[in-house]
Amino acid sequence: MFSITVRDHLMVAHSFRGEVFGPAQRLHGATFLVDATFRRAELDADNIVVDIGLATRELGTVVAALTYRNLDDEPDFTGVNTSTEFLAKVIADRLADRAASGALGEGARGLAGITVTLHESHIAWASYERAL
């Protein structure tokens, strides 16, 4: 399996519901390093997984729609704990939609999967992996 990874970052505010979250139940900020990994079994006709420039641009577009926002105020997330794991899935799903629409180029239609990893710090991160 071949893969490429592109990187961006995300800054949000949010709060959680539930005792398991302790002090994070209060509004707080979070900054994530975001890695998006694109996979395919065989390289495309140009011997690439996906165009790195397009992958970087599209990850930036997806992240820009979330960054500098209080996620508690976003209609898509009403009543949802926007955990690191949950946000990784949101970003992966939005990238998958962009790949399906052709925004990542025609070669991206042959992708096998996408994994998005959100790094909370140098010692903790979460990922979501999905097939395409």
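The values are calculated or read from the model by the stated rules, or taken from the named source; none is laboratory data. The model shown is predicted, which means the values in this text are computed figures rather than measured ones. Every residue, glycine as well, gets a Cβ built from its backbone with ideal geometry; the counts of neighbours run over all protein chains shown. With ligands, DNA and RNA removed, areas are computed over all heavy atoms of the protein, side chains included. Shrake-Rupley method; radii C 1.70, N 1.55, O 1.52, S 1.80 Å.
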Of Tyr128, Tyr68, which has the most accessible area with a 1.4 Å probe, and how do the rest follow in descending order? Tyr68, Tyr128
Set the Förster distance to 35 Å, then compute FRET efficiency between Arg69 and Phe2 from the Cβ-Cβ distance, nearest 0.05. 0.55
For the chain, what % of the accessible area comes from carbon and sulfur atoms, probe 1.4 Å? 53
If we count every other residue with Cβ under 11 angstrom of Val62's Cβ, Lys/Arg +1 and Asp/Glu -1, where does the sum land? -1
Protection proxy ranking, peptides 37-45, 59-67, average beta carbon neighbours within 10 Å, highest first: 59-67, 37-45
Most positive-pole-ward Cα, Trp125, Leu54, Phe2, against dipole of the chain from beta carbon charges: Trp125
Report D for the chain in µm² per second (integer): Stokes-Einstein, Kirkwood Rh on Cα pairs, 20 °C, 1.002 mPa s. 140
Using a Gaussian network model of the chain whose springs link C-alpha atoms within less than 10 Å, name the residue from Ile91, Ile52, Ile114 with the highest mean-square fluctuation. Ile52
With every protein chain present, what is the per residue accessible area of the chain (1.4 Å probe, Å²)? 53
Using 0.36 nm times the number of residues separating Ala124 and Ala30, minus their current alpha carbon distance, what extension gain do you get? 32.6 nm
Between Thr61 and Ala13, the FRET efficiency computed from the C-beta separation at R0 = 22 Å comes out, to the nearest 0.05, as 0.60
